[in-house]
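Some notes on the structure that comes next.
Taken together, the values in this text are just the output of simple stated rules run on the coordinates, not laboratory data. All values derive from a computational prediction rather than experimental measurement. Here the Cβ positions follow ideal geometry from the backbone for every residue, glycine too, while neighbour counts run over all protein chains shown.
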């Protein structure tokens, strides 16, 4: 029988992918890093036992984490990314007229594995002169940072292993401090179906620092349960005030495959059965 | 190791559910019928190896198959349901001021299994005086029917076994004939990710008869890949012309948990990467 990868979304539930080829299976100081090929999603990056991204649907995740906060900020110039070693988020950010993007990834192997085996995901993003890639602990970087940013994005794994501090209240307080007066933060906040407690925790911790906190509902087909959330926190502007037409105007020409003005509005207006999780 | 149910969405991909209890496992003349209990979705109805519905998310499917066509028709009074033996769709239809609903289900065991093991799904729908349940072949019923209907809904399994004729052009032609001048039809049309060919086939066959054909994109968490489609065909009215505010007004008080005016609009405006499948 062929080997299958099981990505457990929750108790007694998994998405399962047949593994047709293994390009890399290595242990870094932080996690097990694999690149595999599956029939439905092509090449996939797996950290420990969880799908991180795939060549077939990486844009679903990266567009929805990058563009809503960048459009919520009136004029984003300086962007900080914590995590996101595959470079897919970085590529989306660089589609905007930003001046500088600092990306802090703890695990060099994630960057190297993607560049070697799924180079289409970052494209040329790591070579962009606006990019500064730092291989170090994002939590410590944010705590000690003296630089100011307009937008910060946290593209982390779920709160296990190296990512645990990235879901704590202290980390969000440090991010608040390094953001400017119009600062906007967005973080991956888990599955609304299988990690409802995580979504609630993220929202609660963010609200202790930021006046505006909005959770976006979207779809990532390669993730268990497909429905996924990102949570946006802002010092001033509210993404709810962004008309769909303004979104479509500002992303015109970027070649996006998921995010549109209507997806922006839909992400902020979930079906009633998820409101208690996403708006609680 | 515990038993797991694998629902294969496509080549090398499945959603997997741990089976904590089996309430029923029987063979009807048409298919294997199971009712099981899983940690995430509670009691689930399984036909052959495919999840049909679950107590946790049945409303996601049934609301999105029932309400968009019923609201697209100006005044639906007589409704025909083909399939849908679990009664969840029937229950949604009966929330509207309809006068008569004929439901034609080929397999009595599906009705009996649901009534016995997941009675919350149909509720009291089968006892409603407006309901006429017929246990017979839906294809033959539609071919020979002399009665006229305003709305027809096809809640079938995927095109395997008894459902194959329900995806053919002849069946859609017969449905066109038994619908009135404002007639609206809606059918379950498969996964946009794993059954793109099926979606295209349904759209092509419907277009040979109906002037308006629209595919709606929605989410059914217990289905493999979660993203799912229903395709609506209409003789006159276009669901795109229905303003979200009108939807919200007409479903107010129905206690819906998925469908809203904004979900209506979002379902008709998919992310760009799915447009070629859903609008092609």
Once both label points are put 7 Å beyond Cα along the C-beta direction, the residue B:146-residue B:120 separation in nm becomes 4.4 nm
So residue B:99 and residue B:208, fully extended at 0.36 nm per residue minus their Cα-Cα distance, gain in nm 36.2 nm
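How shielded is B:183-196 by partner chains, expressed as the average number of their Cβ atoms within 10 Å of its Cβ atoms? Numbers along the way, then the final one.
Working: counts 0, 0, 0, 0, 0, 0, 0, 0, 1, 1, 8, 2, 0, 0.
Per-residue shielding by partner chains comes out at 1.
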For residue B:6 and residue B:48, extending 7 Å from Cα along the Cα-Cβ vector and measuring point to point gives, in nm, a value of 1.6 nm
In whole percents, the bins of 20 Å from zero upward hold the Cα-Cα pairs of the protein assembly as shown as 21, 52, 24, 2
Taking every alpha carbon pair in segment A:203-253 and sorting the distances into 5 angstrom bins from 0 up to the bin holding the longest one, the percent per bin comes out as 4, 17, 17, 19, 21, 16, 6, 0
Relative contact order as a percentage, chain A, C-alpha pairs under 8 Å and 6+ apart, gives 17 percent
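FRET efficiency for residue B:112 and residue A:197, Cβ-Cβ distance as r, R0 = 41 Å, nearest 0.05?
On the way: r = 38 Å, r/R0 = 0.93.
For residue B:112 and residue A:197, the calculated efficiency is 0.60.
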Volume per residue (Å³) of the convex hull spanned by the alpha carbons of segment B:36-138 is 93 Å³
Rg/Rh over Cα atoms for segment B:155-280, Kirkwood Rh, comes to 0.96
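Assuming 0.36 nm per residue, please report the length gained on full extension of the stretch residue B:177 to residue B:127 beyond their Cα-Cα distance.
On the way: separation 50, 0.36 × 50 = 18.00 nm, distance 2.90 nm.
Full extension from residue B:177 to residue B:127 adds 15.1 nm.
Arrange B:91, A:279 by Cβ neighbour counts within 10 Å, fewest through most, would you? Could you put the intermediate results ahead of the total?
Working: B:91 24, A:279 13.
Fewest-to-most Cβ neighbours within 10 Å comes out as A:279, B:91.
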The Cα extents of segment B:226-280 along the principal axes, largest first and rounded to whole Å, are 36, 30, 15
For segment A:3-92, one quarter of the surface area of the C-alpha convex hull, expressed in nm², comes to 7.3 nm²
Taking Cα atoms only, Rg over Rh for segment A:58-278 with Rh from the Kirkwood formula is 0.92
Between the modelled labels at residue B:246 and residue A:250 (7 Å from Cα along Cα→Cβ) the distance in nm is 3.2 nm
Taking A:188-201, A:135-148, B:178-191 and ranking on average Cβ neighbours within 10 Å, highest first, one gets B:178-191, A:188-201, A:135-148
For residue B:164, inter-copy label-point distances (7 Å, Cα→Cβ), nm, shortest first, read 5.7
Taking every C-alpha to C-alpha distance in segment A:121-204 and binning by 10 Å from 0, the per-bin percentages run 15, 44, 33, 8
Sorted largest first, the C-alpha extents of segment B:4-54 along its principal axes in whole angstrom are 29, 24, 16
